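The block underneath contains the structure these notes are about, expressed in structure tokens.
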Amino acid sequence: AVVYDTGSSNLWVPKINCQNCGYWFIHGGKSKFDSSKSSSYQADGSDFHITYGSGDVEGFFSFDTVTLAQDLQITGQKFAEVQDAGGLGIGYMMGQFDGILGLGFETLSLGGATTVFKNAIDQGVVNQPVFAFDLGDEGDGELTFGGYDDSKFKGDISWIPLSAATYWQIDIENISLGSFSSGATSGIVDSGTSLITGPSSAILQLATSSGAMPNIMGEYTIDCGKVDSIPNLEFQINGKTFTVPGKDLVISSAGTCLFAMMGMDIPQGPQWILGDVFMRKYYTIFDYQNQKVGLAEPN
């Protein structure tokens with residue numbers, strides 16, 4: 001299993017004998033790639049080292065056939081076999097995924113690797129150069145390749161042009177909650193980030209406006225009894241307002257209510273990450289060819 005990540009552009013999986021790649025007693029361990037079992041495998045061997053917000057992984061590049069779902073077969077895909085995933089720490093160890101499949105643009109791809117989705121387009125594997133996420137709110141989600149599913153949303157699609165085709169980056173006119181207002185800024189729509197992130201100073205103001213308190217992990221928690229009083233978070237994007245209700249800015253786990261926003265200071269590039277907390281509220285369409293994102297109200 002992989003995380004389909006619109007915030008990166010490479011595909012990697014753990015190889016056999018990978019270090020720091022999970023343990024059998026946690027979710028049965030990770031599924032690992034064994035090149036000796038593949039008749040379509042081709043060696044490359046060049047170094048792979050990628051850094052995510054959560055840490056880095058290292059390995060080497062190879063080529064093989066990649067199959068998405070049951071029948072979307074992409075040949076000659078350059079991907080990485082990871083030898084050490086220790087940089088990702090406990091999040092990877094406890095996570096129910098083996099690797100990451102990046103759905104960003106080529107400009108972010110390390111090693112000059114054509115992305116899986118670009119190869120799918122070029123090889124005629126998908127009908128349209130479009131994919132779409134229905135993350136599901138508590139229920140099962142769905143990822144569609146080669147188009148989008150009309151049955152998953154109602155009303156019109158709001159199309160937002162990208163400001164840069166690296167990440168899926170967009171201009172944001174304003175972000176507001178209570179007395180907080182960001183003014184014009186930039187953000188990325190990122191399926192690979194669980195929370196909504198922004199500049200530390202802004203997140204501190206948002207957390208304070210919501211009644212959340214910082215903990216030693218750099219996150220914020222909130223009294224579970226106050227969840228219903230959290231104001232709505234509103235994003236002004238391309239002339240429209242997209243709302244995340246206050247109650248959805250909380251992730252409840254083991255009796256603790258975690259504020260679903262976290263400070264992350266990015267020196268250059270997009271300032272905000274609209275992760276899964278945002279994407280759960282909207283059916284999200286990624287149009288690769290026309291470089292735009294579509295948001296619609298899910299059913």
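The values are calculated or read from the model by the stated rules, or taken from the named source; none is laboratory data. Because the structure is predicted, anything quoted here is derived from the model rather than measured. Neighbour counts are summed over all protein chains in view; Cβ atoms, including those assigned to glycine, are modelled from backbone coordinates with ideal geometry. The protein model used for the area step is the full one, side chains on, heavy atoms only, and it has no ligands, DNA or RNA in it. Shrake-Rupley method; radii C 1.70, N 1.55, O 1.52, S 1.80 Å.
When you scan segment 162-181, how many residues do you find that are farther than 19 Å from N290 by Cβ, in contact (Cβ under 8 Å) with a residue 24 or more places away in the chain and either surrounded by fewer than 18 Cβ atoms within 10 Å (Cβ to Cβ) or in contact with a helix residue (DSSP H, G or I) (Cβ under 7 Å, 6 or more places away or on another chain) (or both)?
Qualifying residue count for the region: 6.
Yes/no matrix, rows are residues, columns are (1) over 15 Å from Y283 (Cβ atoms); (2) polar (S, T, N, Q):
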position	(1), (2)
P129	yes, no
F153	no, no
P161	yes, no
Q169	yes, yes
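Can Q73 be described as modelled with pLDDT of 95 or more, more than 30 Å from N127 (Cβ to Cβ) and polar (S, T, N, Q)?
When the stated conditions are applied, Q73 does not pass them.
Taking the residues in segment 33-53 that are open to solvent by 80 Å² or more (accessible area, probe 1.4 Å) and within 27 Å of the chain's Cα centre (by Cα) as candidates, determine which candidate is modelled with the lowest pLDDT.
Among those residues, the one meeting the criterion is T51.
For every residue, the table says whether it meets (1) part of a loop (DSSP other than H, G, I, E, B); (2) out of contact with any strand residue (DSSP E or B) (no Cβ under 6 Å at 6 or more places or on another chain); (3) not hydroxyl-bearing (S, T, Y).
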position: C18; (1), (2), (3): no, no, yes
position: Y23; (1), (2), (3): yes, yes, no
position: E58; (1), (2), (3): no, no, yes
position: F61; (1), (2), (3): no, no, yes
position: T67; (1), (2), (3): no, no, no
position: Q70; (1), (2), (3): yes, yes, yes
position: G91; (1), (2), (3): no, yes, yes
position: G104; (1), (2), (3): yes, yes, yes
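Going residue by residue through segment 241-248, is there one that turns out to be of a type outside the set (A, V, I, L, M, F, W, C) and assigned to a strand (DSSP E or B)?
Looking for residues that are of a type outside the set (A, V, I, L, M, F, W, C) and assigned to a strand (DSSP E or B), one finds at least one in segment 241-248, hence yes.
Of the numbered conditions (1) assigned to a loop (DSSP other than H, G, I, E, B); (2) touching a Gly at 6+ places or on another chain (Cβ under 8 Å), Q169 fails exactly one; give the number of that condition.
(1)
Quickly run through segment 257-299 and pick out the residues that are among the basic types (K, R) and either under 13 Å from the mean Cα position of the chain (by Cα) or in a loop (DSSP other than H, G, I, E, B) (or both).
Scanning segment 257-299 gives R280, K281.
How about segment 237-252: which of its residues are more than 21 Å from the chain's Cα centre (by Cα) and either open to solvent by 40 Å² or more (accessible area, probe 1.4 Å) or farther than 20 Å from S201 by Cα (or both)?
N238, G239, K240, T241, K247
So W24 passes all but one of these: (1) of a type in the set (A, V, I, L, M, F, W, C); (2) under 19 Å from the mean Cα position of the chain (by Cα); (3) open to solvent by 80 Å² or more (accessible area, probe 1.4 Å). Which condition number does it fail?
Only one criterion is unmet by W24, namely (2).
Tell me whether segment 57-64 contains one or more residues that are surrounded by 14 or more Cβ atoms within 10 Å (Cβ to Cβ), modelled with pLDDT under 95 and under 21 Å from the mean Cα position of the chain (by Cα).
yes
Hey, can you tell me all the residues within segment 253-284 that are open to solvent by 30 Å² or more (accessible area, probe 1.4 Å), touching a strand residue (DSSP E or B) at 6+ places or on another chain (Cβ under 7 Å) and free of Cβ contacts under 8 Å to residues at least 40 places away in the same chain?
T256, L258
Can you tell me which residues in segment 109-118 are part of a helix (DSSP H, G or I) and open to solvent by 20 Å² or more (accessible area, probe 1.4 Å)?
Within segment 109-118, L110, G111, G112, K118 meet the criteria.
Evaluate the following for A132: is it of a type outside the set (K, R), open to solvent by less than 30 Å² (accessible area, probe 1.4 Å), touching a Phe, Trp or Tyr at 6+ places or on another chain (Cβ under 8 Å) and under 30 Å from Q236 (Cβ atoms)?
Considered against the rule, which asks whether it is of a type outside the set (K, R), open to solvent by less than 30 Å² (accessible area, probe 1.4 Å), touching a Phe, Trp or Tyr at 6+ places or on another chain (Cβ under 8 Å) and under 30 Å from Q236 (Cβ atoms), A132 comes out as yes.
Cβ-Cβ distance below 6 Å, separation of 6 or more or different chains: which pairs start in segment 134-149 with a residue that is more than 19 Å from D287 (Cβ to Cβ) and touching a residue at least 12 places away in the same chain (Cβ under 8 Å) and end on one that is open to solvent by 50 Å² or more (accessible area, probe 1.4 Å) and part of a loop (DSSP other than H, G, I, E, B)?
D137/R280
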